[in-house]
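Input: a single structure, listed below in structure tokens.
What follows is calculated from the coordinates using simple rules that are stated; it is not laboratory data. Since the model is a prediction, treat every value here as computed from it, not as a measurement. Note that each Cβ is placed from the backbone with ideal geometry, even for glycine, and that neighbours are counted across all protein chains shown.
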Amino acid sequence: MSTILNAKTMNGTLYPTTIPAPDDEIVTPNGTGTVADDDGLPDRFDVAVVGGGLGGLVAAATAAKAGRSVALFEQASGPGGRARTRVEDGYAFNIGPHALYRNMDGLRVLGELGVEPRAVQPGLDGAFLVKAGRLYPLPAGLRSLLTSPLLDWRAKLEIGLFLGTVGKLDPRPLEGLTLRAWVERAVRSPGARQLIEVLIRTGAYADDPEQLSAAAGLRQLKVGFSGALYVHGGWQTMVDDLRARARAFGARIVSGARVAEVELDGSDGPAAARRVRAVRLADGRRFEIGTAVLAVPPHKASALVDGGRQAALADWAERAVPIRAASLDVGLRRLPRPDAWFALGLDRPLYLSVHSRWARLAPEGGALIHVLRYLGPSPSAGAEDERELEGLLDLMQPGWRDEVVARRFMPEITVAGALPSVDWEQREGPHAPFVPGVDGLFVAGDWVGPDGMLADRAIVSGARAGQAAALRPSQAQAARGSDAATLLAMGSA
Ligand SMILES: Cc1cc2nc3c(=O)[nH]c(=O)nc-3n(C[C@H](O)[C@H](O)[C@H](O)COP(=O)(O)OP(=O)(O)OC[C@H]3O[C@@H](n4cnc5c(N)ncnc54)[C@H](O)[C@@H]3O)c2cc1C
């Protein structure tokens, strides 16, 4: 299951010829675990990390860097979760459009672990707004704003003011307001309101202004304005680097290993007395552990502990409302219209970007395009959504259907485990990696606040969970502690 990209088939020359196939991705004959990290696994660890997405990998690397013995268990054939990249016919497909941002805290966290994504900032030329099935230049600069036929003079003035001051806007006073409530209060022109909501939707991936926290949305927009970054070769390159660093710190990354349960002590005692004891895999293996980091979506985290009855985890699982999208990813032999690279729907929740215009993701002369529909609270419309996404491609890249080499449609994919709604951010969601009521149990992932959104939230919460887990005594120290306690008890007898 290696990801091998041949530089000869990629645009440009900067990208390494191959991403070496890591030895721990070789699945063992019985399909459970992987050779390198699975062989000779000790039966006791300080920290078990459940889930090998960005959150889990960062948690594992952080705890291992701090000197703890760590095993990460990932149910899929390799780590990465939703940050994986599939390479098909030389096209490197992320799971839908993925961008990092220059100012996201997660980049600093990755840097501290020794991971520097190789990425490029896309330009804003060839960018459009779509309204009523027609393309209009995106008002990204003063000239295009002043000449835009989409906005009246009041909207132009308000958008100009907003874009000029957004960098200095403080999101904190907006805690407790939804995006819609804030925009209606702060902006008078309907055209400007609509465009501001579109910009925030693009950063937050959420078409839910009635629920999205204005503070979270504004924070994300500010981070977005620092500059998006498309990763050469896809996000898998970042995942592979992160895994390599985690392993260099001593973490064992075990793929093909589904965790069935995190066992607790004191099941009959008071809630406060409960603590993590062991992790049990679906194949029956069991490991004694000091702490566990659940780096999986909220409903899965809950199902792993106490049969879904652990109070805090069950509450988070019940209240989390995922952010979802429908995504059409296509690899083309050539781009029919070589000057149309980016589009945002003004009256429909749509996105299109030719990621390969900027990052090396397609064979020479080819193009990789991500087209996405932000799904709001209503369910996916399946084939209808696919037709709408194809329609946007028809508009931007007429003739694209004759050039298709590879394509994939995902009708409903989870972008983030929990929408940062006002309720989630203020009261309902986790604001620290700790699981109340269980000693030594932590959570990480893109649903665990309070920092960032999406991958940024996953990475930062992973670091916080890894640090918290590393603060607990190691298994060796705990054993020494209990020996000392035994000696003391014997001495006093
Ligand atoms: C279409 C799309 C576009 C996106 N665009 C962006 C973007 O532009 N910018 C951005 O910042 N973010 C973006 N994201 C979000 C980003 O991909 C995620 O926030 C991030 O990858 C989530 O990481 P995670 O570790 O929280 O979860 P995941 O990646 O979901 O990892 C969880 C892992 O746990 C494993 N697992 C589950 N149960 C078990 C078990 N019982 N035992 C063992 N393993 C288990 C899963 O297999 C998975 O690998 C996008 C996501 C999508 C889908």
Please arrange ARG82, ARG154 by how many other C-beta atoms lie within 10 Å of their C-beta, fewest to most. ARG154, ARG82
Using modelled backbone amide H atoms (1.01 Å from N, in-plane), which distant-in-sequence or interchain residues come within less than 5 Å of GLY345's amide H? VAL130, LEU350, TYR351
What residues have an amide H closer than 5 Å to that of THR85, excluding those fewer than 5 places away on the same chain, when H is modeled at 1.01 Å from N in the peptide plane? GLN236
Taking Cα pairs closer than 8 Å and at least 6 residues apart, the relative contact order of the range 343-437 in percent is 19 percent
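Under the Kirkwood approximation for Rh and a Cα-based Rg, what ratio Rg/Rh is obtained for the chain?
Working: Rg = 23.9 Å, Rh = 23.8 Å.
Using only Cα positions, Rg/Rh for the chain is 1.01.
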Can you tell which of HIS98, GLY123, PRO190 lies farthest toward the positive end of the dipole of the range 73-200, using +1 and -1 charges on the Cβ of basic and acidic side chains (Lys, Arg; Asp, Glu)? PRO190
For the range 158-281, what is the charge dipole size about the Cα centre, in debye to the nearest 20, if Lys and Arg each add +1 at the Cβ and Asp and Glu each add -1 at the Cβ? 380 debye
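Note down the magnitude of the dipole of the chain about its Cα centre, charges +1 on Lys and Arg C-beta and -1 on Asp and Glu C-beta and zero elsewhere, to the nearest 20 debye. Present the calculation step by step, with values, prior to reporting the outcome.
Numbers: 55 positive and 56 negative charges, 214 e Å.
It works out to roughly 1020 debye.
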Trypsin sites (Lys or Arg not before Pro) within the range 174-223, DSSP loop, no more than 14 other Cβ atoms inside 10 Å: ARG188
Looking at the square roots a ≥ b ≥ c of the eigenvalues of the Cα gyration tensor of the range 270-323, which shape do they give, rounded for a/c under 1.5, prolate if a/b is larger than b/c, or oblate? oblate
Using Cα-Cα distances under 8 Å and only pairs 6 or more residues apart, what relative contact order does the range 146-280 have, in percent? 19 percent
Shape call, the range 233-310: gyration tensor on alpha carbons, a/c limit 1.5: prolate
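Any idea what the relative contact order of the chain is, in percent, if you count C-alpha pairs under 8 Å spaced at least 6 apart?
Numbers: 1113 pairs, mean separation 114.3, N = 493.
Over the chain, the number comes to 23 percent.
Please say if the range 100-216 is rounded, prolate or oblate, where rounded means a/c under 1.5 for a ≥ b ≥ c the square roots of the C-alpha gyration tensor eigenvalues, and otherwise the choice is prolate for a/b larger than b/c and oblate otherwise? Let's see the in-between values first.
On the way: a/c = 2.04, a/b = 1.31, b/c = 1.55.
The shape class here is oblate.
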Please rank ILE413, ILE459, ILE253, ILE200, fewest neighbouring Cβ atoms within 10 Å first, as an exposure proxy. ILE413, ILE200, ILE253, ILE459
Looking at LEU346, ALA325, ALA362, which one has the Cα that reaches farthest to the positive end of the dipole of the range 308-384 (charges on Cβ: Lys, Arg +1; Asp, Glu -1)? ALA362
Nearest 500 deg cm²/dmol is fine: what mean residue ellipticity at 222 nm does the chain get from its DSSP H runs of n ≥ 4 alone, each adding -39,500 (n - 2.57), divided by its residue count? -9500 deg cm²/dmol
Between the residues SER148, VAL296, ALA416, the Cα farthest towards the positive end of the dipole of the chain, that dipole coming from +1 and -1 charges on the beta-carbon of Lys, Arg, Asp and Glu, is from SER148
